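A.B. asks: The structure is given below, and queries will be raised subsequently.
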Amino acid sequence: MRVLVQLRPSPDVVAAVADPAVTATAADVVNGLPGVLLDPTFTPVAVPRPLPARAGGDPLSLNQPLIFSMAPRDASVLVRGEIADDEVSTRLALLPGRDGVVGVYADPVIQSSLTCGGDGPVGDWRDVRRLLAVERLHAEGYDGSGVALAVTDTGVNEPHVKAALGSDFVLDRERSWSPDGVPGRPGEFDVDHGTMCAFDALLAAPKASVIDIPVLLSRRPGGSALDGLLSDAMAAFAHLRTVLDAQPAETRALVVTNSWGSFSPDWDFPPGHPGNYSDNPAHPFNLIVGSLAAAGADILFAAGNCGRECPDGRCSYPDRPITGANSHPAVVSVAGVDVTGERVGYSSQGPGRLADRKPDLAAYTHFAGSGAFGPGEPDSGTSAACPVAAGVVAAIRSRVPSTVLSPSDLRTLLMRSADDRGVLGYDYDYGYGVVNVPGIVEALRARASETRTADGSPWLAV
Amino acid sequence: MVLITVRLPRGATLDMALRELRLKKEEVDVGYGVVAIDPDHGLYGLRVSAMAAHRLTATPEAMDGPWADPKIEPMGPPGKDR
């Protein structure tokens, strides 16, 4: 978090800062503050002290006639810095009173035009492919070949995806699966959200085999804590476990993209209740997510569309909107950025409920893509960002099976190679940064040059 | 129907679950079946009537739950609120 720190140094320092003929630096004002990374590029600013204009006035009230004193004994000085997001509350409590600190204040990014729901597309899918360095990815052999890519959503319309891509793709009918009572065949569902997800995942991994899992078409009544749809997602994940277990170890690769979530605490037991989902790692769906990931699946979830600047109207959690499996420590939780690299205003911010450091990273959204929602309508939401990132993972898996690089290690690699945005290091807006394909490819090359398998052969042929 | 979890041997079937838990077929969501949550540790899920779940809670070692089974929805496209 970026902060402004108000200090009251000695009067001669205040005088120097206030003197337009002198260029002071943060180091002139304070010799470091614990836990605050001071910004050396920010010129300290002198701030006048408000004083009652009339004798006997209340020295602590701003609701009276005031004068503003820039006298060195009265004025204070502002410097700028950053506090790690997971340290903010502690530092804010402990810093005042130390080393001349008077107060610590948020220094929010001033921005009037974050992309929001209802805005037109920003760029198109070709921009996304360029930003993902897809040509380079494919030139290195990372194209999704042989990788099972499960889209758990509203079902895929194969002809629409083919038309939008302008090319064929593999729809894996045999390994596709529907919840009990859901009519329709794989690849033949109405053009909707799931079709968008499939298109977006195939941008980076056009040769992946798409497994169609229309779990969101289930028509259980919902609307209460006990009769919804999450149990169908659990059954879908159990099916995917059989898919994974049936793969030969030397080519094991299953990527699962999930652009869905639960929007309302009213549909759940409250946190603390033993049956709760949103905050409970012991809930069976959270257990099956961990179990599938441990068995070798790469699982990605959309962080959600409950960002503070322009949340989706369905968002009902009063805080910490990244809930349940969307915040599971074993998944990649994906935030959204537009093709300019700026976070979209609806992208949910952390911390997560199951794991604090959520989202993990960001990927592209809000671009003209599949046209699944009609001409001119963007592929939007963290719903689009999640499969875009899943496509990158699927592309990587075409050469690096999960028996060679575990889902956990791949997650670490994605985070370490991400293009840092926002404040320095991890933050709750972008996670570790925007997915960065050249960085991933370089990291894989470096790892390959250092590592050999048990039989002495190269870990990865480069 | 409510979601519960039970411990069963690896490769458990619905018939096995009915037998172990002394459930009648009409008390179980047969279409949903028995879902392997963590087959390595013998953890399975099934949906049973509220009455059956209540009966099973009398022997807490037999089951866990009922668990929340919230409605889930596609994340997008986001609404137009700004």
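The values are calculated or read from the model by the stated rules, or taken from the named source; none is laboratory data. For clarity, every value in this text was computed on a predicted model and none was experimentally measured. Backbone-built Cβ (ideal geometry, glycine too); neighbour counts: all protein chains shown. When the accessible area is computed, the model is the full protein with side chains, heavy atoms only, and any ligands, DNA or RNA have been set aside. Shrake-Rupley method; radii C 1.70, N 1.55, O 1.52, S 1.80 Å.
A.B. asks: Can you list residues from other chains, or at least 5 along the same chain, whose modelled amide H is less than 5 Å from the amide H of residue A:103?
C.D. replies: When sequence neighbours closer than 5 places are left aside, the close amide H contacts are A:6.
A.B. asks: Now for a different question. Trypsin sites (Lys or Arg not before Pro) within segment A:43-92: which are DSSP loop residues with at most 15 other Cβ atoms inside 10 Å?
C.D. replies: A:54, A:73
A.B. asks: Compute the long axis of helix A:437-450 from its Cα atoms, compare it with the longest principal axis of the Cα atoms of chain A, and write down the angle in degrees, 0 to 90, nearest 10.
C.D. replies: Roughly 80 degrees between the two axes.
A.B. asks: To continue, here is another question. Roughly how tilted is helix A:284-294, in degrees to the nearest 10 and between 0 and 90, from the longest Cα axis of chain A?
C.D. replies: For A:284-294 against chain A, the angle is about 80 degrees.
A.B. asks: If the label point is 7 Å along Cα→Cβ of residue B:49, which residues in segment B:11-26 have backbone nitrogen under 17 Å from it?
C.D. replies: B:18-19, B:21-26
A.B. asks: OK, next. Rounded to the nearest whole Å², what accessible area per residue is found for chain A with the 1.4 Å probe?
C.D. replies: On a per-residue basis, 40 Å².
A.B. asks: Next up: Residue A:207: which lysines have alpha carbons under 26 Å from its alpha carbon, excluding same-chain residues fewer than 8 sequence positions away?
C.D. replies: Hits, sequence-local ones excluded: A:162.
A.B. asks: Helix A:193-202 against the longest principal axis of chain A: what's the angle in degrees, Cα atoms only, rounded to the nearest 10?
C.D. replies: 90 degrees
A.B. asks: Show the residues, 5+ positions off or on another chain, whose built amide H is closer than 5 Å to the amide H of residue B:34.
C.D. replies: B:14
A.B. asks: Let me ask something else about it. Please provide three numbers in whole Å: the alpha-carbon extents of segment A:24-137 along the principal axes, with the largest listed first.
C.D. replies: Sorted from largest, the Cα extents of segment A:24-137 read 71, 36, 28 Å.
A.B. asks: What area, in nm² and to one decimal, does the C-alpha convex hull of segment A:158-202 cast on average over all directions?
C.D. replies: 3.3 nm²
A.B. asks: Any idea of the total accessible area buried by the A-B contact, 1.4 Å probe, rounded to 100 Å²?
C.D. replies: About 3800 Å² of accessible surface is lost on pairing.
A.B. asks: Students sometimes get this wrong: rank A:68, A:367 by accessible area, probe 1.4 Å, all chains present, largest first.
C.D. replies: Ranked list, largest accessible area first: A:68, A:367.
A.B. asks: Rounded to a whole number of µm²/s, how large is the Stokes-Einstein D of chain B at 10 °C and 1.306 mPa s, given Rh as the Kirkwood radius over C-alpha pairs?
C.D. replies: 115 µm²/s
A.B. asks: Based on Cβ point charges of +1 for Lys and Arg and -1 for Asp and Glu, what charge dipole magnitude is obtained for the protein assembly as shown about its Cα centre, in debye rounded to the nearest 20?
C.D. replies: 440 debye
A.B. asks: Hey, another quick one. At residue A:245 and residue A:113, where each label point lies 7 Å from the Cα along Cα→Cβ, what is the point-to-point distance in nanometres?
C.D. replies: 5.5 nm
A.B. asks: Just to be sure I understand the interface: list residues from segment A:246-269 that lose 40 Å² or more of accessible area between the chain on its own and the complete protein assembly, 1.4 Å probe.
C.D. replies: In segment A:246-269, residues shielded by partner chains: A:267.
A.B. asks: Using only protein heavy atoms and a 1.4 Å probe, report how much of residue B:37 is accessible, in Å² to the nearest 10.
C.D. replies: Its heavy atoms expose roughly 0 Å² to the probe.
A.B. asks: Mean 1/r over all different Cα pairs, inverted: what Kirkwood radius does segment A:129-239 give, in Å?
C.D. replies: By the Kirkwood definition, the hydrodynamic radius is 14.7 Å.
A.B. asks: Just round it to a whole percent: the fraction of Cα-Cα distances in the protein assembly as shown exceeding 32 Å.
C.D. replies: More than 32 Å apart: 50 percent of the Cα pairs in the protein assembly as shown.
A.B. asks: Still on this structure, I have one more. With every protein chain left in place, what is the accessible area of residue B:25 in Å² (1.4 Å probe, nearest 10)?
C.D. replies: About 120 Å², rounded to the nearest 10.
A.B. asks: Now a separate question. A drop of at least 40 square angstrom in accessible area, chain alone versus all protein chains together, probe 1.4 Å. Which residues of segment A:279-313 meet that?
C.D. replies: Listed in order, they are A:284.
A.B. asks: Please give the per residue volume of the convex hull enclosing the alpha carbon atoms of segment A:125-450, rounded to a whole number of Å³.
C.D. replies: That works out to 121 Å³ per residue.
A.B. asks: Let me ask something else about it. Could you please state how large a percent of the accessible area of the protein assembly as shown is carbon and sulfur, counting protein chains only and using a 1.4 Å probe?
C.D. replies: Result for the protein assembly as shown: 53 percent of the exposed heavy-atom area is carbon or sulfur.
A.B. asks: Find which of A:449, A:340, A:375 sits farthest along the positive direction of the dipole of chain A, computed with +1 on the beta-carbon of Lys and Arg, -1 on that of Asp and Glu, about the Cα centre.
C.D. replies: A:449
A.B. asks: Could you order A:173, A:126, A:136 so the one with the most accessible surface comes first? Probe is 1.4 Å.
C.D. replies: So the residues, ranked largest to smallest area, are A:126, A:173, A:136.
A.B. asks: Counting only other chains, and only Cβ atoms inside 10 Å, what mean value do you get across the residues of A:205-214?
C.D. replies: The per-residue average across the peptide is 0.
A.B. asks: I want to make sure I understand the PRE zone here: with the label point 7 angstrom from the Cα of residue B:58 toward its beta carbon, which residues in segment B:18-32 have backbone N atoms less than 16 Å away?
C.D. replies: Correct set: B:21-24.
A.B. asks: Dividing the alpha-carbon radius of gyration of segment A:241-343 by 2.2 N^0.38 Å (N being the number of residues), what value is obtained?
C.D. replies: Normalised by 2.2 N^0.38 Å, the Cα Rg of segment A:241-343 equals 1.22.
A.B. asks: Please report the orientation-averaged projected area of segment A:1-71, defined via the convex hull of its C-alpha atoms, in nm².
C.D. replies: 6.3 nm²
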